[in-house]
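One structure is given below, encoded as structure tokens.
The values are calculated or read from the model by the stated rules, or taken from the named source; none is laboratory data. All of these numbers come straight from a predicted model, not from anything done at the bench. Backbone-built Cβ (ideal geometry, glycine too); neighbour counts: all protein chains shown. With ligands, DNA and RNA removed, areas are computed over all heavy atoms of the protein, side chains included. Shrake-Rupley method; radii C 1.70, N 1.55, O 1.52, S 1.80 Å.
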Amino acid sequence: MSCTAFFSRTLDLLRKMLRMKRLMVLQHHRNSTAFESSLSKLTVVSRNHDHKEMLYLPSQRTTYRFLDFFQLGDKEAIAKERARLSDEMNRGYFADMQELKKHGGKIVVASDTIVPAIEAVKFPSLDATFSDGTCIKLPVASEENADGGSKMITPHASLICLSFRAHSQKMIDSWSVPFVDAFSASDNLRVYEVSIIESWFLSLKPIRWLLLRSTRRPSSDGKNGTLQRQQVYSFGDKYYFRKELKILNLLTGYIFLLDKFGRIRWQGFGLATEKELNSLITCTSLLLKEK
């Protein structure tokens, strides 16, 4: 069973379960006017141009989340959650789709030059899992250890491709396939295709195990001297991870070229163009020469 088919079968059940849970949380927070005010925005938004009603919920952008029971009296936690709800309410699935129709996922054209090391920002830490259950912490950078404490070989450069929806896999392929072909014999590079799964239901251990098992395939870490595209999965809420990388549209693909210290030296979006691929390959070659 494919991931897409697996997701579609579980989404209906997920929505029903969480509508019930949301009603319970609303009742529990009835005395909090601030929280009630923020949730009152979860209403049906009418579109005048086509007279259709569309529901804009935070769940359309990420997992359903609720305040921990012990945080109910924490004003700072409630304010933080209010800010998050307001932020995610301003961009829903339909906004992403409209934007995708305008530019096809090409949010910004990739730069022709590499970002100087002194100006580069660090890629935020991301826990990921291979289909066989092996865990890894990205980026694999200098002075960092793999899960379990064993020392990993630090690549001179890494290409990390982020996908939040199955729709963007074609975009990811347009970058990773030519990249692997160009550096097929290199043992100083790594390519990670990361599927982000934010649904709390799909992140539950039994469901996660089934999902990983359904996608299991032989993986290689370049030990045979040939560069491989490595598929990994990252489960759980990634709101603050997305905020740090300024990721808004979840329907497009995001490409990051990192140096051996885990700094972002180049970035691409959507479907790759020939010019952008040439730029990526040139910048990667420069990173391989850096000491």
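Find the residue count for segment 190-207, including only residues that are at pLDDT 90 or above and either open to solvent by 70 Å² or more (accessible area, probe 1.4 Å) or touching an Asp or Glu at 6+ places or on another chain (Cβ under 7 Å) (or both).
1
Can we say F179 is of a type outside the set (A, V, I, L, M), open to solvent by less than 10 Å² (accessible area, probe 1.4 Å), over 20 Å from L251 (Cβ atoms) and under 14 Å from the mean Cα position of the chain (by Cα)?
no
Taking segment 264-278 as the region of interest, how many residues are open to solvent by less than 10 Å² (accessible area, probe 1.4 Å) and assigned to a helix (DSSP H, G or I)?
1
It is to be established whether one or more residues within segment 258-265 are more than 30 Å from G133 (Cβ to Cβ) and at pLDDT 90 or above.
yes
Restricting the search to segment 111-137, which residues are closer than 13 Å to V194 by Cα and of a type in the set (F, W, Y)?
F130, the sole residue that qualifies.
Residue by residue through segment 258-269, note down the ones that are of a type in the set (A, V, I, L, M, F, W, C) and more than 15 Å from the chain's Cα centre (by Cα).
Within segment 258-269, L258, F261, I264, W266 meet the criteria.
For F261, indicate whether it is outside any loop (DSSP other than H, G, I, E, B) and of a type in the set (A, V, I, L, M, F, W, C).
Taking the combined requirement at face value, the residue does not satisfy it.
Being closer than 28 Å to K101 by Cα and surrounded by fewer than 23 Cβ atoms within 10 Å (Cβ to Cβ) is the requirement here; does Y254 meet it?
Taking the combined requirement at face value, the residue does not satisfy it.
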